[in-house]
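Below is one structure, written out as structure tokens, with a few remarks after it.
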Amino acid sequence: MIYFDNAATSYNRPPCVKEAVAAAIDAFGNPSRGAYSASLDADRCLFETRMQLAALAGAEGPDCVAFTTNATQALNTAILGLGLHAGDYLIVSLQEHNSVLRPAYRLRERGVVVHFVGLKADARLDMEDLEQTLRTIRTQNPDTRIAVALSHGSNVTGNVIDLSVVSALCRESRATLILDAAQTMGIIPIRMRQSGIDILCFSGHKALMGPQGTGAIIVRRGIRLSPLMAGGSGIRTFLETMPQEMPEHLEAGTQNAHSIAGLHAALAFAEGKRETWRAQALSLRKQLLSGIDAINRQAGEERIHVYGRGTAVNPASASCQGDSEPVLPTVAFNIGQLEAADVADRLWRDRQIAVRAGGHCAPLIHRFFGTEKRGIVRASFSHANTPGQVQILIEELRDIVQTEG
């Protein structure tokens with residue numbers, strides 16, 4: 001199989017991940033629930049993984065890191081836990097995943113005003129719209145609470161927002177910044193303190209290469225969230241509420257220590273390699289864009305349409321070097337009038353190429369593109385992919401254009 005669906009989950013994980021999970025199953029007790037070695041070993045693994053994630057994210061410390069089962073749980077904890085009330089504002093964008101949109105809609109039912117920031121023609125976040133929205137809200141409502149929840153990188157187009165501009169606007173407007181880093185964590189460098197990120201949410205199974213069922217929310221000190229769930233915490237047994245200390249405040253019940261052990265191993269394996277891996281994956285994106293451009297030139301018209309930055313007619317912009325708005329190693333496209341699912345099915349049937357087709361759990365960006373019915377084909381790369389694999393994809397796309405496009 002040629003796996004080009006890395007934006008959904010990593011596939012070619014290092015062997016140490018599986019080994020760590022298996023070892024943890026054999027050795028771990030319940031973390032923070034005992035003074036014996038099996039429990040202490042599990043607790044030590046969790047603490048070390050918190051330290052790894054805090055360092056990777058440029059956070060204040062391991063106490064800021066609470067484990068979740070995925071990015072969706074982390075984002076629900078952040079968006080619903082801030083305590084926004086009727087009349088407060090939540091700002092999201094048209095490129096958001098349903099893990100942001102559906103909690104936002106729930107808040108809207110409670111009277112929170114949800115505002116949608118638009119996109120530019122190439123689906124980049126419209127910074128002018130965000131700036132005007134924040135300033136208008138703050139001017140008209142000086143005491144109103146404002147939260148901004150944005151995806152750092154689109155899971156459809158691979159566009160990455162200019163975080164320096166977004167965080168500056170949030171600081172100016174006294175808005176809490178929630179960043180969905182499900183797509184970027186482990187690919188695009190993130191520095192929470194330096195960038196002014198208040199809450200960072202991400203999964204552990206994508207670019208971080210951990211097992212599915214892992215994720216985290218990192219909360220800046222001074223930000224208080226209401227826990228999404230309540231229950232056992234291993235400490236403060238006689239309190240009627242969750243402990244106020246982080247990370248226990250947000251972690252009800254037994255953590256997924258076995259899978260977190262796999263994440264711990266993946267993080268250790270990736271140390272010192274991420275910059276090289278990112279360059280390798282982005283070179284594959286550029287190769288595909290150049291190949292699509294060649295197919296369109298040969299056809300004498302645009303038969304394959306690319307969505308987002310770094311289009312087929314400008315593949316040079318696929319690199320993040322010297323660009324204030326880097327991109328992810330993702331290419332979103334459609335062929336002629338073909339349904340995205342039909343293209344994905346043929347790629348799999350003919351060459352065992354795995355890509356993602358459909359709505360990608362991001363309905364508003366599909367409305368923006370007008371692709372609600374047909375969907376979009378997404379190819380997303382990692383360092384484990386090769387130029388030879390991308391060339392096979394290009395050849396198959398050329399065949400589809402010639403026979404069906």
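The values are calculated or read from the model by the stated rules, or taken from the named source; none is laboratory data. As the structure is a prediction and not an experimental result, all values here were calculated from the model. Backbone-built Cβ (ideal geometry, glycine too); neighbour counts: all protein chains shown.
Summary table below
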| item | result |
| --- | --- |
| Count of region 21-60 residues which are assigned to a loop (DSSP other than H, G, I, E, B) and of a type outside the set (D, E, K, R) | 10 |
| Filter pass, ALA332 being modelled with pLDDT of 95 or more, part of a helix (DSSP H, G or I) and among the hydrophobic types (A, V, I, L, M, F, W, C) | no |
| Enumeration of residues in region 225-250 that are touching a residue at least 24 places away in the same chain (Cβ under 8 Å) and surrounded by fewer than 16 Cβ atoms within 10 Å (Cβ to Cβ) | SER226, MET229, ILE235, GLU245 |
| Region 261-282, subset in contact (Cβ under 8 Å) with a residue 40 or more places away in the chain and of a type in the set (Gly, Ala, Ser), residue nearest to ALA38 (Cα to Cα) | ALA261 |
| Verdict on ILE91 being touching a residue at least 60 places away in the same chain (Cβ under 8 Å), over 15 Å from the mean Cα position of the chain (by Cα), over 20 Å from ARG356 (Cα atoms) and surrounded by 22 or more Cβ atoms within 10 Å (Cβ to Cβ) | yes |
| Residue selected from region 211-223 under the condition touching a residue at least 24 places away in the same chain (Cβ under 8 Å) and in a loop (DSSP other than H, G, I, E, B), by the criterion farthest from LEU80 (Cα to Cα) | PRO211 |
| Unique match (being touching a Leu at 6+ places or on another chain (Cβ under 6 Å) and surrounded by fewer than 23 Cβ atoms within 10 Å (Cβ to Cβ)) among GLY58, GLY81, GLY29, GLY34 | GLY81 |
| Selected residue [in contact with a His (Cβ under 9 Å, 6 or more places away or on another chain) and modelled with pLDDT of 95 or more] from ARG135, ARG145 | ARG145 |
| Qualifying residue in region 10-20 (condition: part of a helix (DSSP H, G or I), surrounded by 20 or more Cβ atoms within 10 Å (Cβ to Cβ) and basic (Lys, Arg)) | no |
| Pair list, Cβ under 6 Å, 6 or more apart: region 160-182 residue free of Cβ contacts under 8 Å to residues at least 40 places away in the same chain, other residue among the charged types (D, E, K, R) and assigned to a strand (DSSP E or B) | none |
| Qualifying positions in region 391-405 - of a type in the set (S, T, N, Q) and either free of Cβ contacts under 8 Å to residues at least 12 places away in the same chain or buried (at least 19 other Cβ atoms within 10 Å of the Cβ) (or both) | GLN402, THR403 |
| Subset of region 324-370 (residues that are free of Cβ contacts under 8 Å to residues at least 60 places away in the same chain, surrounded by 19 or more Cβ atoms within 10 Å (Cβ to Cβ) and polar (S, T, N, Q)) | ASN334 |
| Only one of ILE218, ILE235, ILE223 that is of a type in the set (Val, Ile, Thr) and at pLDDT below 95 | ILE235 |
| Residues being under 18 Å from HIS97 (Cβ atoms) and not in a loop (DSSP other than H, G, I, E, B) - total across region 184-210 | 5 |
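Table: residues versus (1) in the same structural domain as MET51 (by TED's automatic domain parsing); (2) within 21 Å of GLN183 (Cβ to Cβ); (3) in a helix (DSSP H, G or I); (4) modelled with pLDDT of 95 or more.
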position	(1), (2), (3), (4)
GLY253	yes, no, no, no
GLY262	yes, yes, yes, yes
TRP277	no, yes, yes, yes
ALA281	no, yes, yes, yes
GLN287	no, yes, yes, yes
ARG297	no, no, yes, yes
VAL313	no, no, no, no
LEU338	no, no, no, yes
